Amino acid sequence: MNETLQKLFTCIEFGKINTASPYPPQMRGQEGAMELTKAALDAGIAPSEIMDEALIPAMTLVGQKFTEGKVFVPQMLLSAKAMNAALTHIKPFFTSGEVKRKGTFIIGTVFGDLHDIGKNLVCMMVEGAGWEVIDLGVDVSAEKFVAALDEHPGAYVGLSALLTTTMTNMKTIIDKVHETHPDVKFIVGGAPVSAEFAQEIGADGYAADPQDDIKLLDSFLGA
Ligand code: B1M
């Protein structure tokens, strides 16, 4: 692999955002994802190559390590932040169509629920895996999901809930959305949610963590 891309991969893996960021300590003073992405583009490396060779595989590795309990939320957050820093340089190429996205993922924390830390992590990781993410925020009603789907036909939907009292609102949202968008696929997640519960309420998948979301979304595409 090209040396800049190799370094960029390492920055994402270990959460090195930019030169000024003090983490991880062993990379202090070195260039981070922000500078290296710009350097790669300036060197003429195609944005799609930067995504496919460095950014996406590095985030995939981070997601795997999180699932396996080898890294924890703080490390994953730093990797996601490094990824976001890199994406600020790549995003203009998404808009121009030079870099294709896999599809659109609409996500929100269900109505009645204000927890968003896990949901935000899912947003960053899924975006890092090459999806367009529409984040509807917290306390999201069924009507807001319907409106977002009207605007983004063909999108997949993710629902997050952290309370046993609000996880039941997932079914209300799924039923309401299916009245007008019967083919929409739903992924549900959040601490109190389980695979059995997902099946019970008619969701198409249960994701225990962001990496599961990515796997499920890719499987919906037949990847
Ligand atoms: Co609240 N809270 N909270 N809280 N809070 C919990 C969830 C609770 C377990 C604490 C406890 O009692 N031990 C408890 C729920 C109990 C229950 O329902 N059985 C609880 C309660 C009761 C409440 C209030 C009712 C408290 C009160 O007011 N009496 C209140 C409710 C407000 C509301 O939502 N209407 C409340 C409020 C809050 C704060 C606002 C103070 C704050 C939220 C701040 C914020 O999110 N911006 C807060 C916090 C921080 C927590 C804890 C401490 C931490 C949650 C968190 O962010 N975890 C939590 C206790 C705990 O979990 N230790 C607690 C870190 C985050 C990375 O993990 O969100 O689980 P998590 O996300 C994971 C996975 O679940 C998954 O991926 C993430 C990474 O692995 N995931 C998905 C999440 N969504 C996903 C979606 C997917 C896929 C995976 O696909 C779509």
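Does at least one position in the range 201-211 carry a residue that is assigned to a loop (DSSP other than H, G, I, E, B), at pLDDT 95 or above and charged (D, E, K, R)? The answer is yes; a qualifying residue exists. If the condition is being in a loop (DSSP other than H, G, I, E, B) and over 29 Å from Thr164 (Cα atoms), then the range 88-130 contributes Gly97, Glu98, Val99, Lys100, Arg101, Lys102, Gly103, Ala129, Gly130. If you go through the range 202-221 and keep only what is under 13 Å from Thr104 (Cα atoms) and more than 11 Å from the ligand (Cβ to nearest atom), you end up with Asp218, Phe220, Leu221. The set of residues in the range 175-194 being more than 12 Å from the ligand (Cβ to nearest atom) and either within 19 Å of Asp139 (Cβ to Cβ) or not in a helix (DSSP H, G or I) (or both) consists of Asp175, Lys176, Val177, His181, Pro182, Asp183, Val184. Every test in (1) in contact (Cβ under 8 Å) with a residue 12 or more places away in the chain; (2) away from the ligand (no atom under 15 Å from the Cβ); (3) surrounded by fewer than 17 Cβ atoms within 10 Å (Cβ to Cβ); (4) assigned to a helix (DSSP H, G or I) is passed by Leu77 save one, and that test is (2). Residues that are under 22 Å from Asn120 (Cβ atoms), polar (S, T, N, Q) and either more than 11 Å from the ligand (Cβ to nearest atom) or in contact with a Phe, Trp or Tyr (Cβ under 9 Å, 6 or more places away or on another chain) (or both) within the range 158-174 comprise Thr166, Asn169, listed in sequence order.
One residue alone among Ile174, Ile187, Ile134 is in contact with a helix residue (DSSP H, G or I) (Cβ under 9 Å, 6 or more places away or on another chain) and farther than 15 Å from Thr104 by Cβ, and that residue is Ile174.
The values are calculated or read from the model by the stated rules, or taken from the named source; none is laboratory data. Just so we're clear, the structure is a prediction, and the values are computed from it rather than from any experiment. Glycine gets a Cβ as well: all are built from the backbone with ideal geometry, and neighbour counts include every protein chain shown.
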